[in-house]
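A.B. asks: One structure follows; several queries about it will come next.
Just so it is clear, none of the values below were taken in a lab; they were calculated from the coordinates. For clarity, every value in this text was computed on a predicted model and none was experimentally measured. Quick reminder, even Gly has a Cβ in these numbers, built from the backbone with ideal geometry, and neighbours come from all protein chains shown.
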Amino acid sequence: MFTSRGRTLARTSWIAKTLIHRAVPFGRRSNLGAFSSSRIQNPDEIEINNYKDWLSPNEVIRIFQNLKNPSSAVHVLTLISERKDYKPNEAIYSIVIKNLGISKNFDDIEILMEKIKNERKCRLSDDFFYNVIKIYAHLGGRINSAIDMLFDMPSYKCWPSVRTFNFVLNVLVNSKQFDVVDKVYTRGVYELGVEIDECCLNIIVKGLCRCGEFDAVYKVFDEFPKQNCRPNVRTFATVMHALCVRGRVDEALSLLERMEREGVEADAVVFNTLIFGLRKVGRVDEAIEMFKKVMVKGCDPNPGTYQEMLYALLDAKRFLEAKDFMGLMIDKRVNPSFESYKVMIHGLCDGKLLGDLDWVLMQMVRHGFVPRMGIWKKILGCLFPDGDCVTTCSYDEILAD
């Protein structure tokens, strides 16, 4: 005999009252053992004392929200669907699929989706399919299933929004399936009638940049006006970063000029990218001028802007200028990175600039960084060079004391 809290299932179990409906044949009741009270967290919280002879959709949803074992969602749905009062809707299907996603039962999701399509008992929105595709892609890593779901949406009498379409494109780009992006893009336009927007084209640009296909990138720029769109600051920043990573700084700088001609206002991310690119190729003076340009244009530098400029000075071994710039950063309440302090201390030690070393070390500690053994050894090596008769102790002995 099944029991719940010491009472027999046939008499007082809330689950029995909830799932065993008079319309269900008696022979089916023997299958309910798997759906015992152990599968429901705190059934009293689901209005156990206010039980009705019928289940509203909200009560059904609460059942699924309180499942201890998310993988039992299909079994529970089967039991509930046998009741006369069962009325499926999008919210119920959503919570069932969410449970199956949590339990990694992606095959069951596909089976359920086929069942939904064949039964056609309720209408489903684009948001529903967006979440299903997201579960396939993020929780399951089933990118092909996400693509199939996108193009199968019309079978459910629902057409994908550009948001859902862009999500799939972005997943493909982030997973480096660049050969599939073009096919999905073309099919989306001609089969699904997706209306292309700036976000969609920016995703294409991002994918091409990661492949280094800059000729194709510039062709996409020409596609923007054809789609009644304009490249925005994110478009330019993405291309600039890809160019700078490959050392093609002059091309990135020419894009800044193009932005100005087209009336696209550069932001801190754009300037950070260009300063990074100039630093990468050793053009520090131009990086300094670029930083000044940020100020002239009234664009507020962010912490990344200051940090890139500091790295540029450190890379050029211009440590006294870097120290002054570090002071400016601290005045602006921008904390230099640990790596910045480390490189600065090593550079000052190599230049025997002991007076400046003390200030940098104090700032480092003040901002919560703990100098490591290598830094202390470098400092001690500067203070007590080999051959100095001041001490005969090793650096390790000094540090140990």
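A.B. asks: By average Cβ neighbour count within 10 Å, what is the ranking of 299-310, 57-68, 233-244 from highest down?
C.D. replies: Top of the packing list down: 233-244, 299-310, 57-68.
A.B. asks: Pairs to check: Lys206/Lys226; Lys68/Lys117; Lys293/Lys332. Give those whose C-alpha atoms are more than 25 Å from each other in this structure.
C.D. replies: Over 25 Å Cα-Cα: Lys68/Lys117.
A.B. asks: OK, next. Students often forget the sequence filter, so: which aspartates and glutamates lie under 18 Å Cα-Cα from Lys121 once same-chain residues fewer than 8 apart are removed?
C.D. replies: Within reach: Glu82, Asp85, Glu90, Glu110, Asp152.
A.B. asks: Under 18 Å Cα-Cα from Lys342, which aspartates and glutamates qualify once same-chain neighbours fewer than 8 residues away are excluded?
C.D. replies: Within the straight-line cut-off, Lys342 pairs with Glu308, Asp315, Glu321, Asp324, Asp350, Asp356, Asp358.
A.B. asks: Lys/Arg Cβ at +1, Asp/Glu Cβ at -1, dipole of the range 152-195 taken about the Cα centre: which of Val180, Val194, Phe165 is farthest positive-ward?
C.D. replies: Phe165
A.B. asks: I would also like to ask the following. Give me the Kirkwood hydrodynamic radius of the range 148-279 in Å, from all C-alpha pairs, to one decimal place?
C.D. replies: So the Kirkwood estimate lands at 15.6 Å.
A.B. asks: Here's a follow-up. Determine how many Å³ per residue the convex hull of the Cα atoms of the range 62-153 encloses.
C.D. replies: In the range 62-153, the Cα convex hull volume per residue is 89 Å³.
A.B. asks: Where the convex hull is taken over the Cα atoms of the range 77-121, what is its projected area averaged over directions, in nm²?
C.D. replies: 3.1
A.B. asks: Return the long-range amide H neighbours of Leu67 (sequence gap of 5 or more, or a different chain), with a cut-off of under 5 Å between placed amide H atoms.
C.D. replies: Residues meeting the amide H criterion: Gln41.
A.B. asks: Rg over Rh of the range 264-361, using C-alpha atoms and the Kirkwood radius, what does it come to?
C.D. replies: 0.98
A.B. asks: Here's another thing I want to ask about it. Excluding residues fewer than 8 places away in the same chain, name every one of the aspartates and glutamates whose C-alpha is closer than 17 Å to that of Lys297.
C.D. replies: Hits, sequence-local ones excluded: Glu257, Glu260, Glu262, Glu265, Asp267, Glu286, Glu289.
A.B. asks: Where does each of 268-276, 366-374, 345-353, 131-139 land if you order them by average Cβ count within 10 Å, highest first?
C.D. replies: Highest-to-lowest ranking by the protection proxy: 268-276, 131-139, 345-353, 366-374.
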